[in-house]
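Single-structure report; data block below.
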Amino acid sequence: MSPKVSNQYKTNKRKELLEAAKRVFIQKGYIQATMQDIIDEAGISRGALYSYFNNIQHVFEELLKLEDKMDILYFKKEDRSSFWQQLINWIRIQQKNIESINQSLLLCKTEFFLTTYRNSNETSNPYVIERYKELASSIKEFIEEGAKKEEFKPCMPSKSIALYIISFIDGLMLDTFNLGIEVTKVNEQIDILFFTLREMLCPIIE
């Protein structure tokens with residue numbers, strides 16, 4: 001009889017495997033990465049990896065879920081900063097990731113979004129739709145909470161502003177992936193984003 005494995009062990013091992021997978025994805029990209037690469041990086045058997053993940057898409061989607069969870073939790077208001085400052089901080093994090101696109105998962109995300117389900121009968125990846133809706137909902141609720149606290153006075157619907165933020169960031173990410181930061185001038189574009197958000201949110205800045 002094989003020894004019983006605790007749930008905590010499984011959780012920790014899964015986390016270790018995802019960390020190994022992240023290193024592989026950053027180095028090789030989504031398209032070129034294989035399950036064998038992760039097996040080699042993690043130093044485990046094929047059976048051990050497949051006991052946690054079905055295929056390379058499954059691994060990457062689980063990594064996305066971890067990052068998405070961090071984004072969603074970020075929009076839970078913290079008392080030590082204003083709503084406006086918290087929004088600025090989150091956007092700056094996105095900017096840093098875009099500017100270091102070759103050292104983050106952004107390049108892999110671009111490949112994933114552009115290639116997943118391309119040759120299938122499905123029109124889109126259900127998880128891609130789900131993550132978009134969840135992030136949009138989190139930002140929308142954040143804006144509405146800021147309005148309730150009278151820190152924002154939005155002149156447009158909160159949902160529209162949330163979708164605008166996501167589209168701007170995603171578009172800048174894709175353009176930077178295709179053209180490079182020298183062409184897209186990420187910092188200048190982010191400054192323009194802040195300007196338009198000030199106009200739309202009318203933040204109360206003390």
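The values are calculated or read from the model by the stated rules, or taken from the named source; none is laboratory data. The shown structure was predicted, so the numbers you read here are calculated from the model rather than taken from an experiment. All Cβ positions, even for glycine, are placed from backbone atoms using ideal geometry, and neighbour counts span all protein chains on display. Just the protein is used for accessible areas: all its heavy atoms, side chains included, with ligands, DNA and RNA removed. Shrake-Rupley method; radii C 1.70, N 1.55, O 1.52, S 1.80 Å.
Some observations on this one:
- Selection within region 176-206 - open to solvent by less than 70 Å² (accessible area, probe 1.4 Å) and aromatic (Phe, Trp, Tyr): Phe177, Phe194
- Residues that are open to solvent by 40 Å² or more (accessible area, probe 1.4 Å) and of a type in the set (A, V, I, L, M) are absent from region 77-91 altogether.
- Filtered by the rule that a residue be open to solvent by less than 40 Å² (accessible area, probe 1.4 Å) and within 20 Å of the chain's Cα centre (by Cα), region 146-167 gives Ile161, Ala162, Ile165, Ile166.
- Considering (1) of a type outside the set (Phe, Trp, Tyr); (2) open to solvent by less than 90 Å² (accessible area, probe 1.4 Å); (3) without any contact (Cβ under 8 Å) to a residue 24 or more places away in the chain, the lone condition that Asn54 does not fulfil carries the number (2).
- Residue ID - modelled with the lowest pLDDT, chosen from residues in region 131-145 that are farther than 20 Å from Cys202 by Cα, open to solvent by less than 90 Å² (accessible area, probe 1.4 Å) and charged (D, E, K, R): Arg131
Yes or no, residue by residue, for (1) basic (Lys, Arg); (2) within 18 Å of Ser138 (Cβ to Cβ):
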position: Gln8; (1), (2): no, no
position: Lys13; (1), (2): yes, no
position: Lys22; (1), (2): yes, no
position: Ile26; (1), (2): no, no
position: Glu67; (1), (2): no, yes
position: Met70; (1), (2): no, yes
position: Leu73; (1), (2): no, yes
position: Glu99; (1), (2): no, no
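- Any hit, region 158-177, residues being part of a loop (DSSP other than H, G, I, E, B), within 19 Å of Tyr132 (Cβ to Cβ) and not β-branched (Val, Ile, Thr): no
- Some residue of region 146-158 being in contact with a Lys or Arg (Cβ under 8 Å, 6 or more places away or on another chain), modelled with pLDDT under 85 and among the aliphatic types (A, V, I, L, M): no
- Residue in region 101-110 that is at pLDDT below 85, polar (S, T, N, Q), under 15 Å from Phe142 (Cβ atoms) and outside any helix (DSSP H, G or I) present: no
- Among (1) farther than 25 Å from Ile190 by Cβ; (2) free of Cβ contacts under 8 Å to residues at least 12 places away in the same chain; (3) surrounded by fewer than 18 Cβ atoms within 10 Å (Cβ to Cβ), the one test that Ile39 misses: (3)
- Where a residue in region 191-206 is in contact (Cβ under 8 Å) with a residue 40 or more places away in the chain and its partner, wherever it lies, is part of a helix (DSSP H, G or I) and aromatic (Phe, Trp, Tyr), with Cβ under 6 Å and at least six apart: Leu193/Phe168; Pro203/Trp84
- Per the listing Phe112, Phe75, Phe25, the residue uniquely in contact with a Phe, Trp or Tyr (Cβ under 6 Å, 6 or more places away or on another chain), over 30 Å from Ile205 (Cβ atoms) and touching a residue at least 60 places away in the same chain (Cβ under 8 Å) is Phe112.
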